[in-house]
Structures are given as structure tokens and as C-alpha cells.
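Asker: Structure provided below as C-alpha cells; questions to follow.
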């Protein structure tokens, strides 16, 4: 997949200040001749030479925000993403950003838009412990957040068809890497405990499987989907295709952090879901590249967290 297809295009990235948005913006800035427009409700939160910033909340968007730029491709990352399990059913936050905010964005984009890239989540899938989850796996979102992502997928398809846009829906898996410290997720939470001299924790047996993809590889997949010549790519998983048990991951983190103590096992009321994902469609449609291996990616995240702790 040749990203040179994006030369001469004006690409909008919403949620540009977020975990994935920052990395994606950096990847797109590497493409010569690409004009980049970054949308964030917090404004220009990092250096992006040559990019144009739009400081606006999704719910306050109008066509006037985009008219000066002539947007060709829109990549919609902005969303309410729960930072903990308890937030996944926050009705007000989910509705404001993921439903009403997305509708305002779609209404504000120009009719000449060539492609709309919607960033969804593997959380839309129904539980299935016996098969790897593919794009054909039935959906059954278990939270309001996941349900809003599935709604966003349908809204994308309907609006794109009505307005003659190309579109693609990317269901991102468990994305990790530098910059995810704001989320109370397994990897940053475990790194924080280890660096604080506290024993890492495994809730339950730790046998449940997870599929981890580095944020730089997620950004690469998004950029390739935006550049793809097929206007109707449809839906695809953006995952590594390799699963690892939670227990194995925590043992690896302990080793990389130089932890020589015991690992703390905490009783859990039930085991978490295991995830195994099929990424054949992603590799077929977007091609393959040298991905960041888990060992290297974790070392990078640990180093970044150490720097932040030292700076604090």
C-alpha cells in the first residue's frame, strides 16, 4: 500500500490530541505534499509544523469550520472512550460525543469528501471463546460505549451512501504504547505499580487472552486505509493477530521493569473474556509492514513512563 496516494490531499484528523491521534498526525506529516487539518477541543496541544488546527468541540461544529480547507479525507478518531470499566455506561458522555457529536461532524463535512474513515472498536463483537473473531463474527455490544461504536458504523455506511463518499470502518483492538498512561488499562497500570515498587497484580487466574497492537502500527493501518484506492473498503479489524495471556504479559512487564519480587494474585468473581482476532482482511487489503514487536513496544512505554516520573 503506497501512502503517496495521499499527496496533494487535505486530510482531517479529529481527536488529534488523543493517544492515537498524536501518533497518526506524526505519521501523516511524513507524507510529502499532504495538507493536514487537526481538530481538537483542546486546540494545538503539540507541535505539528505545517498543520492547521481547528479548536472546536464536536457538538459545536459547522460547515464553516471546514470550508476554508477543502477537506478530501476525514479520519474520525474523536470520541468518548471510557478510561475504566465503570465509565463504559456513562450515558451523557457517550451520547454527547459518540452520537450527537458524530452527527454534527458528518453534517458539517463537505459533499465533495472522498473518504470517511471511522474508527470503531472490537468491543462491538459478541463473546466467542471458541473462535478467532473476524469481521463476520456477530455483533452484540455489552456497554453503551460499544453500542455507540456500532451505531457509528451504521451511521457511517448510511451517510456515505447518501452523500456519495467512500468509507472504511476500522475496528481497533487493544492498542498500547507510549502515551496511554491517561487510561486505567492493564499495561500502564501495571507499569505504574512496578515503577512505584509495588507488586504487579493478576486478577483471577490471568488465563484470559489479549491481542496487543502498538499504537504506531495502528496509525500505519489507519493511514493505509485512508490512502487505499478502493472507495468501499468496508469493515476490518486492526489487530496484531497474536494473543497472549494476561498472566504472561504481567510476567513480561515484571521482567522488563527489573522486578524480582512476587506477583500478587487477587481473587476475581469471574474470569475475563479471552480475545483472539483474525487480521487476514487487514493484511490482505492494507499490506504488511514491519510491526513493533511486543517486547520492544513495552520497553518504549516503560522508558516513557520513567521519564514522566522523573520530570514530575
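The values are calculated or read from the model by the stated rules, or taken from the named source; none is laboratory data. On a predicted model such as this, the values are computed, not experimentally measured, just so you know. Cβ coordinates were reconstructed from backbone atoms using ideal geometry, including for glycine residues, and neighbour counts include every protein chain displayed.
Asker: State which residue is nearest to residue 109 (Cα to Cα) when the search covers only the range 34-52 and only residues that are modelled with pLDDT of 95 or more and more than 20 Å from the chain's Cα centre (by Cα).
Answerer: Among them, the one singled out is 35.
Asker: Which of the residues spanning the range 190-203 are touching a helix residue (DSSP H, G or I) at 6+ places or on another chain (Cβ under 9 Å) and either within 18 Å of residue 251 (Cβ to Cβ) or crowded, with 17+ Cβ neighbours inside 10 Å (or both)?
Answerer: Residues satisfying the conditions are 190, 191, 192, 194, 195, 198, 199, 200, 201, 202, 203.
Asker: Only one residue in 297, 261, 234, 206 is touching a helix residue (DSSP H, G or I) at 6+ places or on another chain (Cβ under 9 Å), surrounded by 13 or more Cβ atoms within 10 Å (Cβ to Cβ) and in contact (Cβ under 8 Å) with a residue 60 or more places away in the chain. Which one?
Answerer: 297
Asker: Let me ask you something else. Which residues, taken from the range 198-252, are modelled with pLDDT under 95, in a strand (DSSP E or B) and within 30 Å of residue 114 (Cβ to Cβ)?
Answerer: Residues satisfying the conditions are 232, 233, 234.
Asker: Answer yes or no as to whether residue 130 is out of contact with any helix residue (DSSP H, G or I) (no Cβ under 8 Å at 6 or more places or on another chain) and not in a loop (DSSP other than H, G, I, E, B). Show your work before the answer.
Answerer: Values: out of contact with any helix residue (DSSP H, G or I) (no Cβ under 8 Å at 6 or more places or on another chain): yes; not in a loop (DSSP other than H, G, I, E, B): no.
In short, no.
Asker: Hey, can you tell me all the residues within the range 57-91 that are in a loop (DSSP other than H, G, I, E, B) and surrounded by fewer than 19 Cβ atoms within 10 Å (Cβ to Cβ)?
Answerer: If the condition is that a residue be in a loop (DSSP other than H, G, I, E, B) and surrounded by fewer than 19 Cβ atoms within 10 Å (Cβ to Cβ), then 57, 62, 67, 68, 69, 70, 83, 84, 90 are the ones that fit.
Asker: Does at least one position in the range 267-278 carry a residue that is buried (at least 17 other Cβ atoms within 10 Å of the Cβ) and closer than 17 Å to residue 193 by Cβ?
Answerer: no
Asker: Name every residue in the range 6-50 that is assigned to a strand (DSSP E or B) and crowded, with 21+ Cβ neighbours inside 10 Å, in order of residue number.
Answerer: Answer for the range 6-50, where residues must be assigned to a strand (DSSP E or B) and crowded, with 21+ Cβ neighbours inside 10 Å: 11, 12, 13, 14, 36, 37, 38, 39, 40.
Asker: For residues that are in a loop (DSSP other than H, G, I, E, B) and in contact with a strand residue (DSSP E or B) (Cβ under 8 Å, 6 or more places away or on another chain), scanning just the range 163-175, find the one that is farthest from residue 267 (Cα to Cα).
Answerer: 165
Asker: So, residue 255, is that one under 30 Å from residue 158 (Cα atoms), at pLDDT 95 or above, surrounded by fewer than 17 Cβ atoms within 10 Å (Cβ to Cβ) and out of contact with any strand residue (DSSP E or B) (no Cβ under 8 Å at 6 or more places or on another chain) or not? Give the derivation first.
Answerer: Working: under 30 Å from residue 158 (Cα atoms): no; at pLDDT 95 or above: yes; surrounded by fewer than 17 Cβ atoms within 10 Å (Cβ to Cβ): yes; out of contact with any strand residue (DSSP E or B) (no Cβ under 8 Å at 6 or more places or on another chain): yes.
It is false that residue 255 is under 30 Å from residue 158 (Cα atoms), at pLDDT 95 or above, surrounded by fewer than 17 Cβ atoms within 10 Å (Cβ to Cβ) and out of contact with any strand residue (DSSP E or B) (no Cβ under 8 Å at 6 or more places or on another chain).
Asker: Please find, within the range 176-189, the residue that is farthest from residue 248 (Cα to Cα) out of those that are in contact (Cβ under 8 Å) with a residue 24 or more places away in the chain and not in a loop (DSSP other than H, G, I, E, B).
Answerer: 182
Asker: Same structure again: Go through (1) in contact with a strand residue (DSSP E or B) (Cβ under 8 Å, 6 or more places away or on another chain); (2) assigned to a loop (DSSP other than H, G, I, E, B); (3) loosely packed, with under 14 Cβ neighbours inside 10 Å one by one and return the number of the condition residue 291 breaks.
Answerer: Result: residue 291 passes all but (3).
Asker: Still on this model: Give 177, 164 a once-over and let me know the one that is loosely packed, with under 15 Cβ neighbours inside 10 Å, on the phi > 0 side of the Ramachandran plot and at pLDDT 95 or above.
Answerer: 164
Asker: Can you tell me which residue among 273, 281 is closer than 25 Å to residue 140 by Cβ, more than 17 Å from the chain's Cα centre (by Cα) and in a loop (DSSP other than H, G, I, E, B)? Steps first, answer last, please.
Answerer: Numbers: 281 fails: in a loop (DSSP other than H, G, I, E, B).
Checking each option against the conditions leaves just 273.
Asker: Now for a different question. Since residue 113 meets every condition but one in (1) over 16 Å from the mean Cα position of the chain (by Cα); (2) part of a helix (DSSP H, G or I); (3) buried (at least 17 other Cβ atoms within 10 Å of the Cβ), which condition does it not meet?
Answerer: The number of the failed condition is (2).
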